[in-house]
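Worksheet: one structure, shown below.
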């Protein structure tokens, strides 16, 4: 083996080791992970767990909200589990149709659809479904990070035409101003 071939071989081995190390250190879906909401004031509120179990090339997830962290609100003839602050109330809106309940590293849509919320001011009466929040999730080395986006929950007032496709795609979501919501993010770690 000449000197150039040996150098290329060492470089290829170095790239392989770096790639393997990055994969080995990456966040893993398996097991029970903590679900937390983060306020714009920098506080963290743990609201439950998400359990991940391998299922083929995907992971089945089970969302377990800690209902002791929520208060009950009867809004528009329906009971909601809500997180309160003096400036805003955010209520969990369970996705009302079949949910595949699986994710992969590049597809977190069904988990995002399991964590839909609506927001309202404490003085407001009833639920305003056009004030929906969708936490767009991104996989990082430290876990999953969710950033709020605006949605109209009226979209799910009727079943989707194809229940295998999550209804809130990129075109059904809108950006919101940073820190305009009391909870400005969520994490799963």
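Here, each number is a calculation from the coordinates, and none is a lab measurement. Here the structure is a predicted model, which is why all the values come from computation and not from measurement. Methodologically, a virtual Cβ is constructed for each residue, glycine included, from the backbone with ideal geometry; neighbour enumeration extends over all protein chains shown.
For the pair residue 69/residue 179, report the inter-label distance in nm, with labels modelled 7 Å from Cα in the Cβ direction.
Between residue 69 and residue 179, the simple spin-label model gives 2.3 nm.
Can you tell me the length gained on complete extension of the stretch residue 136 to residue 161, counting 0.36 nm per residue apart and subtracting the Cα distance? Mind showing how you got there, number by number?
On the way: separation 25, 0.36 × 25 = 9.00 nm, distance 2.25 nm.
Roughly 6.7 nm would be gained on extension.
Sorted by average packing, counted as other Cβ atoms within 10 angstrom per residue and highest first, what order do 60-69, 44-53 take? Display every interim value, and only then the final one.
Details: 60-69: 14.2, 44-53: 16.9.
Per-residue Cβ counts within 10 Å, averaged per peptide and sorted highest first, yield 44-53, 60-69.
Just subtract the alpha-carbon distance of residue 106 and residue 152 from 0.36 nm times their residue separation and send over the number in nm, one decimal. Write down the numbers at each step before the final one.
Numbers: separation 46, 0.36 × 46 = 16.56 nm, distance 2.44 nm.
Working it through step by step, the gained length comes to 14.1 nm.
Using only Cα atoms, locate the centre of region 59-109 and the centre of region 125-181, then give the distance between them in Å, rounded to an integer.
So the two Cα centres are separated by 12 Å.
Can you put 107, 162 in order of Cβ neighbours within 10 angstrom, beginning with the fewest?
Least crowded to most crowded, the residues run 162, 107.
In which sequence would 123, 40 go, from the one with the fewest C-beta neighbours within 10 Å to the one with the most? List each step's numbers first, then the result.
Details: 123 6, 40 16.
By the 10 Å Cβ count, ascending: 123, 40.
Let me see the pair-distance distribution of region 106-173: every alpha carbon pair, 10 Å bin width, integer percents in order.
Binned Cα distances yield the sequence 18, 49, 26, 7, 0.
What ranking do 187, 161, 104 get, fewest neighbouring Cβ atoms within 10 angstrom at the top? Could the numbers behind the result be given before it?
Details: 187 20, 161 7, 104 13.
Starting with the residue having the fewest Cβ neighbours, the order is 161, 104, 187.
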